[in-house]
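Novice: Could you have a look at this structure, given as structure tokens, before my questions?
Derivation of every value follows stated rules applied to the coordinates shown; laboratory data play no part. Every value quoted in this text rests on a predicted model; they were computed, and no experiment measured them. Positions of Cβ are backbone-derived with ideal geometry, glycine not excepted, and every protein chain shown enters the neighbour counts.
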Amino acid sequence: MEAALRLAKACTGKFEIVGFWGGFHGKTGGVLGLVGDKFKHRHGPQTPGLFLSPYANCARCPFRAKHPECSFLCLEFLRSKIRSETTGSIAAFIVEPVQGTAGNVVPPPGYLQALQAVAREHEALLIADEMITGFGRTGKMFGVEHDSVVPDIMTLGKGMGGGFPVSALISTDEIVSARPFSLPSASSSSYGGNPLASAAARAALDTILEEDLVENSRRVGDWILERIGAWKSRFPFLGRLQGRGLMIGLDLVRDAASGEPWSPEACLELFRRGLRDGIILMISSAAVRINPALTLSQDEAALALDKLENLFEEANRDNLFLR
């Protein structure tokens with residue numbers, strides 16, 4: 001991520017970066033200020049020239065607008081924000097095709113295309129953070145494919161190495177030739193090009209392709225979404241449910257009409273009960289994130305969902321969502 005920002009600045013000759021509420025791009029100094037939530041609180045002064053604007057999280061729209069009637073009001077607000085707050089020196093917009101840490105938030109169709117148009121208006125680059133969404137997680141090889149977008153820079157990692165620590169930056173020859181990024185050692189790192197990491201990534205990618213795990217992600221993910229969706233009439237605390245492939249988000253709400261999230265105490269109690277039953281729940285801000293292995297079979301998914309359904313029945317009986 002740090003390399004992507006340095007590359008964008010080198011290529012454009014500009015220095016400002018725009019990110020989004022709910023976004024998460026790492027914990028290092030250059031990108032910490034682009035974390036779109038309170039995670040960065042008490043971490044001191046942030047890098048100057050960083051700006052944040054609302055993401056297309058339609059279930060929690062800060063403008064209380066409805067898509068598609070809103071015509072991406074969030075992006076019109078972004079244009080106003082750029083005029084009012086920046087110095088007009090925007091190097092890049094950085095976005096997750098599906099926001100992971102925020103709860104697996106899927107933007108509506110056309111959002112990434114519209115955002116790329118905003119980037120073009122300002123002669124800025126579009127950086128797609130595919131650390132989580134890349135290599136089949138969303139049912140396509142890359143998350144941007146759902147919107148038929150080709151970003152200027154793409155960052156990759158996590159599933160790329162099948163658990164081995166490896167990451168990558170992808171761009172065009174024209175962009176990466178920009179100086180000073182292209183100068184000797186300017187774009188390298190102490191462990192860059194590590195042969196063991198390269199071998200691990202090759203093995204992981206071969207497996208993804210040979211075992212058709214991208215299609216498996218799409219097929220099993222669609223089945224999981226359909227099954228959980230059938231529970232909503234029985235469990236009044238189930239809110240937003242959306243996902244792509246094996247990247248599914250489910251909000252836990254006290255009231256479906258208001259969308260008020262569960263208390264932290266209730267979420268912790270659900271987590272503990274899940275551990276008791278052999279389920280490790282990824283809960284963030286009352287949002288359950290379902291990101292299982294791409295090798296997950298439908299039978300394995302059914303076993304896990306049986307346990308999750310029982311857990312929700314218990315939570316409903318105990319009025320856990322009202323705590």
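Novice: Under a GNM of the chain (C-alpha, springs under 10 Å), which listed residue has the highest mean-square fluctuation: A287, A91, A199?
Specialist: Result for the chain, Cα springs under 10 Å: A199 fluctuates most.
Novice: Relative contact order for the chain: what is it in percent, counting Cα pairs under 8 Å that are at least 6 residues apart?
Specialist: Once normalised by length, the contact order is 15 percent.
Novice: Based on alpha-carbon centroids, what's the gap between region 99-128 and region 8-55 in Å, whole number please?
Specialist: Value for the Cα centre distance between the two parts: 15 Å.
Novice: Just H146, H43, H25 to compare: in a GNM of the chain, with alpha carbon springs under 10 Å, which one fluctuates most?
Specialist: Answer for the Gaussian network model of the chain: H43.
Novice: For K27, list the aspartates and glutamates whose Cα falls under 12 Å from its own Cα; do not include residues on the same chain fewer than 8 positions away.
Specialist: E2
Novice: Would you mind computing Rg(Cα) / (2.2 N^0.38 Å) for region 147-224, counting N as its residues?
Specialist: This ratio for region 147-224 stands at 1.37.
Novice: Three principal axis extents, largest first, for the C-alpha atoms of region 20-112, in Å?
Specialist: Projected onto the principal axes, the Cα atoms of region 20-112 cover 39, 30, 20 Å.
Novice: Shifting gears a bit: Which trypsin sites (Lys or Arg not before Pro) in region 48-157 pass both tests, a DSSP loop state and at most 14 other beta-carbon atoms within 10 Å?
Specialist: Sparse-neighbourhood loop trypsin sites (Lys or Arg not before Pro): R64, K66.
Novice: Hey, what number do you get for the chain at 222 nm if only DSSP H runs of n ≥ 4 count, each worth -39500 (n - 2.57), divided across all residues, to the nearest 500?
Specialist: When only DSSP H runs of four or more count, the value is -10500 deg cm²/dmol.
Novice: Just the ratio, please: alpha-carbon radius of gyration of the chain over 2.2 N^0.38 Å, N its number of residues.
Specialist: It is 1.03.
Novice: Which links in K40/K307; K9/K40; K14/K158; K38/K158; K14/K66 stretch past 26 Å when you go from one Cα to the other?
Specialist: Too far apart for the 26 Å limit: K40/K307; K14/K158; K14/K66.
Novice: Compute the signed sum of charges (Lys and Arg +1, Asp and Glu -1) over the other residues within less than 13 Å, Cβ to Cβ, of T28.
Specialist: With Lys, Arg at +1 and Asp, Glu at -1, the net is +2.
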